[in-house]
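Beneath this line is the structure, given in structure tokens, with notes to follow.
The values are calculated or read from the model by the stated rules, or taken from the named source; none is laboratory data. Because the structure is predicted, anything quoted here is derived from the model rather than measured. With ideal geometry, Cβ positions are generated from the backbone for all residues, glycine too; neighbour counts draw on all protein chains shown. Heads up: the accessible areas ignore ligands, DNA and RNA and are worked out on the full protein's heavy atoms, side chains in. Shrake-Rupley method; radii C 1.70, N 1.55, O 1.52, S 1.80 Å.
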Amino acid sequence: MKRSAGILLYRRRAGALEVFLAHPGGPFWARKDLGAWTIPKGEIDEGEDPLEAAKREFAEEIGVPVQGDFHALKPIRQKGGKTVLAWAVEGDCDPDALRSNLFSMEYPPRSGRQAEFPEIDRAQWFGLEEARKRLLPSQLPLLDELIGSPPSRGCLPPRGQPPTDVLGRNGPVTPRQSSPQGGRRHCAPMRPIHRAGRRSVHNHPREPFLA
């Protein structure tokens, strides 16, 4: 069974908690909103450390590396049967800096033509109430664990502890590169990355996450 790894990024604003969610790209999701958003995530390569995979996927799909104190959440299983391993981390990021990688699929259906679409077409910060409406139902347990809903005690650090920014130090970090220490750059954009063949979709517009 294939596994995915992802990051649940959160921040505090005016005493309220917000989470960073992403909307899948491509024609299948174009008109879907409520119950369609996801945490940034993707498949774990063979032999790859799951947390490193989660950080890599965040960088590839959002366009900026994520750093901080990662808290492992309980694995979930999505509707399509895929297991998702997720980590929560406090930080900040500008959704307008989104630069996602691309996937290819036959589109229009049965046309014989390949088209490219961003894996993530937009990202946004949401308060918890709105996040529950937007997030895929199978991922709602991640929010519950984050805020400490029963039976979990949650993983939020104490109030007043400074958050870790999501940074691209010394410029954008491309997939599978580490981020060297250096000067601060907030949400530095990346150019789209086309991962040929890995998430190509054929014959009909099926979204790339639940496959």
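Quick notes on this structure:
- Residue among Gly91, Gly112 that is out of contact with any His (no Cβ under 9 Å at 6 or more places or on another chain) and either open to solvent by 40 Å² or more (accessible area, probe 1.4 Å) or at pLDDT below 85 (or both): Gly112
- Checking segment 115-124 against the condition returns a match, with at least one residue being open to solvent by 40 Å² or more (accessible area, probe 1.4 Å), on the phi < 0 side of the Ramachandran plot and among the polar types (S, T, N, Q).
- Among the candidates Asp96, Asp69, residue that is exposed (fewer than 15 other Cβ atoms within 10 Å of the Cβ) and assigned to a helix (DSSP H, G or I): Asp96
- When segment 105-134 is filtered for residues that are basic (Lys, Arg) and either part of a helix (DSSP H, G or I) or under 30 Å from Arg11 (Cβ atoms) (or both), the ones remaining, listed by number, are Arg122, Arg132, Lys133, Arg134.
Rundown of residues vs (1) within 14 Å of the chain's Cα centre (by Cα); (2) hydroxyl-bearing (Ser, Thr, Tyr); (3) within 24 Å of Ile147 (Cβ to Cβ), yes/no style:
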position	(1), (2), (3)
Leu9	yes, no, yes
Gly15	no, no, yes
Leu21	yes, no, yes
Pro27	no, no, no
Leu34	no, no, yes
Trp37	yes, no, yes
Pro40	yes, no, yes
Ile44	yes, no, no
Glu57	yes, no, yes
